[in-house]
Amino acid sequence: MPAFFATAPKGLEYLLVDELKALGAESAKEALAGVHFEADLATAYRVCLWSRLANRILMPIAEFAAPDADALYKEVSRIDWSRHLAPEGSLLVDFSTSQSAIDHDRYGAQRVKDAIVDQFRARFDTRPSVEAEQPDLRVNVYLRRDKAVLSIDLSGASLHQRGYRQGQGAAPLKENLAAALLIRSGWPVIAEAGGALWDPMCGSGTLVIEAALMAADIAPGIRRPYFGFLGWLGHDAALWAELKAEAEVRREAGLQRNIGRLRGSDVNPKVLAAAEANAQAAGVEALVEFARMDVADVDWPERPERGLLIVNPPYGERIGEREEVEQLYAKLGQTLSRFTGWQAGVFTGDAELGQKLGWRAKKRYALFNGALPCVLLTFDLQEQAQRERRDPSLVVELDLARLSDGAMAFRNRLLKNAKKFAAWAEKEGVDCYRVYDADLPEYAAAIDVYGDSLHIQEYAAPATIDPKKADERWRELVLVAPATLGVPPARAALKVRQRQRGKEQYEKVAVKGEYLTAHEYGLKFEVNLFDYLDTGLFLDHRLTRKLVGELARDARFLNLFAYTGSATVHAARGGARTTTTVDMSNTYLDWAQHNLETNGYGGPAHRFIQGDCLAWMKACKEKFDLIFMDPPTFSNSKRMQGTLDIQRDHVWLIDAAMRLLSPDGVLVFSNNLRRFKLDDEALDMYRIEDISAKTLPADYERNPRIHQAWLIRRGRDQA
């Protein structure tokens, strides 16, 4: 069965896999910015007509090595182009190159075009013309590491261009991204149940129109006048006519459905006029309504029981001042409170702005609006969700007279620490820090402040402690800590700390899907207090990461056992030439990539590799100038080859990392095993500097064995 590749914006790959399978594609497998799949021609046509998410549908017809321009020309010339294009037809070549000897897209496209045109001229004494708008044949060539994939572009123009856009606002949302936001926000299920929709900052109406197309079962490509296959000689016109007729029947039936009310509003009358024109061009004007209204005034007293409020508010560019944008998000948060019982989706280029809404997100999805990293925050608009997040009346007021002597002593210590470390953290430039670490041994827990939330980790009680007494103290701690620090109980994540083995290191402990933004020395990191054992940011390694950034200028940086990539972000900010981030967990790698992009670092200079670090180091042939390695204490994940025990295996790990180090490079090695002892004798060929004390932050001074760290360089006789 023929193979195809559907391109899509980054972040939509997994959604696109599901969509392609539903349309009849086989062997659908996600890749970066697209999906590989197999299909017959009818299914490929159906994808072009019905895909709400894809950009282009490419049909590969050749793969070959192209180490230089002559080889590229020769290989393209081997293809019989008369099977695809008439001699008097028109042609356009798209060319993209990466990490190859041919490093200029336009030059590569020119050589491919020359090869095709010269073949026609030699065989037919005529040649196709070049047409930029609607060519009979659009050829796509992707060259990576001197390996070329040449495809016929069946879509022609990007499929996000539905054909209905008559006018647009200053920052239009692409149609396939709008469709993805609707799907992630739960619109298909809500629409099926007859629910309603409102976009209170609708602009030119893209979200409302795409919602109408979904609700009415209208093929997004039904009004497109042009597809790339229409002038291709392999085109089956009868098959295409049959699929179009089927789509028309479904459209007519869909327009007769009992569809909920779909509304859009905006303060700008010009974009509302564009929205109405677009809806008419899409054929859904009878299903939608638009009104001029400020977001602060949006209300629907007689609103249906089920619905979706979805919005793509400004990220700052259209408003200007940060304070104004924050006020806008605060107003939007108040609007959300008028839609109790609905679902909501807020798409923003700044997750930190999302916190100004005053609602706790149910889930968040990392997406891109063009090249801009963004996040979709979804909400279940129940009244209690907002109150838990912001209402100070939900902070428990302690009856001090009823506290035990131990609980009172714990409270007093916590007050003292909070005063000290809050001032220290503000001066240091961090808003996440450890405020208590088993200062009183009988109240054995670590308490970390994360903005307006707490992360409370109980240390497993020794066997010598009466379990009932330990439980009683834990209950006291859980009551006293949030109240003392002014945090509602719902904003305190509670966990028992104990040794994790194998897949337990990666499993969720809850499913809230709520992410916060942690600030550290001017950088931003995504954290999740509730869903995982660890939050996504090891606070004790704060100074270690800072040191990595200081060492990273012009370095080829490698982060092993990378977790959520915070050290990579510091290295990128420090001026690393390239970064390579390796971890076994796809979840953590996605998290790491989001952290990097949130701070404005992205592109081909930054690689993310999913794999067993032990096996990867064995196979790696590259050299790096700076390596950060912070392995787990123990791991026996089924993805690993064997087990990892840091005390037993650290010599091998260090040797393997040093093999990848450039002559003047440095390895930053650390771990958190309290009883760990570095085998100096086995490692005496290296120059080793213990930096454990230097990398211990002030909020961890009560726990000096929280981690150990070393700088390791080649010996002078090895350099």
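Considering only DSSP beta bridges whose two residues both sit in the range 545-677, what percent are antiparallel, to the nearest 5?
Working: 2 of 21 bridges.
Rounded to the nearest five, the antiparallel share is 10 percent.
Angle between the Cα long axis of helix 237-255 and the longest principal axis of the chain, 0 to 90 degrees, nearest 10?
Long axis of 237-255 versus the principal axis of the chain: about 60 degrees.
Explain nothing, just the number: relative contact order of the chain, from Cα pairs under 8 Å at least 6 residues apart, as a whole percent. Before the final figure, lay out each step's value.
Details: 1464 pairs, mean separation 52.7, N = 719.
Relative CO of the chain lands at 7 percent.
Multiplying the sequence separation of Q382 and D664 by 0.36 nm and subtracting their Cα-Cα distance, what value in nm do you get?
Numbers: separation 282, 0.36 × 282 = 101.52 nm, distance 5.77 nm.
Extending this stretch completely gives an extra 95.7 nm.
Helix 542-551: angle to the longest alpha-carbon principal axis of the chain, degrees 0 to 90, nearest 10?
Here the helix axis deviates by roughly 60 degrees.
In the chain, what percentage of the DSSP-assigned beta bridges are antiparallel, given to the nearest 5?
Around 60 percent of the beta bridges assigned by DSSP in the chain are antiparallel ones.
Restricting the count to DSSP beta bridges whose residues both fall in the range 3-153, what percent are antiparallel, rounded to a multiple of 5? Intermediate results must be reported in sequence, preceding the final value.
Details: 25 of 35 bridges.
Antiparallel: roughly 70 percent of the beta bridges in the range 3-153.
Based on the mean of other Cβ atoms within 10 Å per residue, sort peptides 595-601, 178-184, 437-443 so the most packed one is first.
Result, highest mean first: 178-184, 595-601, 437-443.
Given a Förster distance of 30 Å, report the FRET efficiency between R322 and E246 from their Cβ-Cβ distance, rounded to the nearest 0.05.
Efficiency for this residue pair is about 0.05.
Grab the other residues whose beta carbon is less than 14 angstrom from that of D70, score K and R as +1, D and E as -1, and report the net. Working shown, then result.
Details: positive: K74, R78, R111; negative: D68, E75, D114, D118, D146.
Around D70, the surrounding residues sum to -2.
If you wrap a convex hull around the Cα atoms of the range 394-498, how much volume per residue is inside, in Å³?
Convex hull volume per residue, Cα atoms: 97 Å³.
Please list, or write none, the lysines whose alpha carbon is within less than 24 Å of the alpha carbon of K621, excluding same-chain residues fewer than 8 places away.
K147
Calculated from DSSP H runs of 4 or more alone, at -39500 (n - 2.57) each and per residue, what is the 222 nm mean residue ellipticity of the chain, nearest 500? Don't skip to the answer; put the middle values down first.
Details: 19 runs with 231 residues, N = 719.
-10000 deg cm²/dmol, from helical runs alone.
Would you work out which of P441, A615, H541 lies farthest towards the positive end of the dipole of the chain, given +1 charges on the beta-carbon of Lys and Arg and -1 on that of Asp and Glu, about the Cα centre?
P441
Considering the options S129, I646, S337, tell which one lies farthest towards the positive end of the dipole of the chain, charges being +1 on Lys and Arg and -1 on Asp and Glu at the Cβ, about the Cα centre.
Of S129, I646, S337, it is I646.
What is the packing order of peptides 215-221, 426-432, taking the mean over residues of other C-beta atoms within 10 Å and listing the highest first?
The peptides rank, most packed first, as 215-221, 426-432.
Which value, in debye to the nearest 20, gives the size of the charge dipole of the chain about its Cα centre, when Lys and Arg are +1 and Asp and Glu are -1 at the Cβ?
840
Taking the Cα atoms of the range 533-714, what is the range of coordinates along each of the three principal axes, in descending order and whole Å?
Extents along the principal axes, in whole Å: 42, 39, 35.
To the nearest 10 degrees, how steep is helix 405-428 against the longest Cα principal axis of the chain, on a 0 to 90 scale?
50
Can you tally the net charge around Q161? Count Lys and Arg as +1, Asp and Glu as -1, for every other residue whose Cβ sits under 14 Å from the Cβ of Q161. Don't jump to the answer; show the numbers that get you there.
Numbers: positive: R52, R56, R138, R162, R165, K174, R223, R224; negative: E133, D153, E175, E210.
Net local charge, Q161 excluded: +4.
Starting from a Cα-only point model with no solvent, please compute log10 I(q)/I(0) by Debye for the range 573-632 at q = 0.15 1/Å.
-0.48
Can you tally the net charge around G370? Count Lys and Arg as +1, Asp and Glu as -1, for every other residue whose Cβ sits under 11 Å from the Cβ of G370.
Details: positive: K10, K174; negative: none.
Charge balance near G370 sits at +2.
Please list the radius of gyration and Dmax for the range 3-153, considering alpha-carbon atoms only, with Å as the unit.
Reported Rg and Dmax, both Å: 16.0, 48.
Values in this text are rule-based calculations from the coordinates and carry no lab data. Note that the structure is a prediction, hence the values are computed from the model and not measured. Virtual Cβ from ideal backbone geometry, glycine too; neighbours counted across all protein chains shown.
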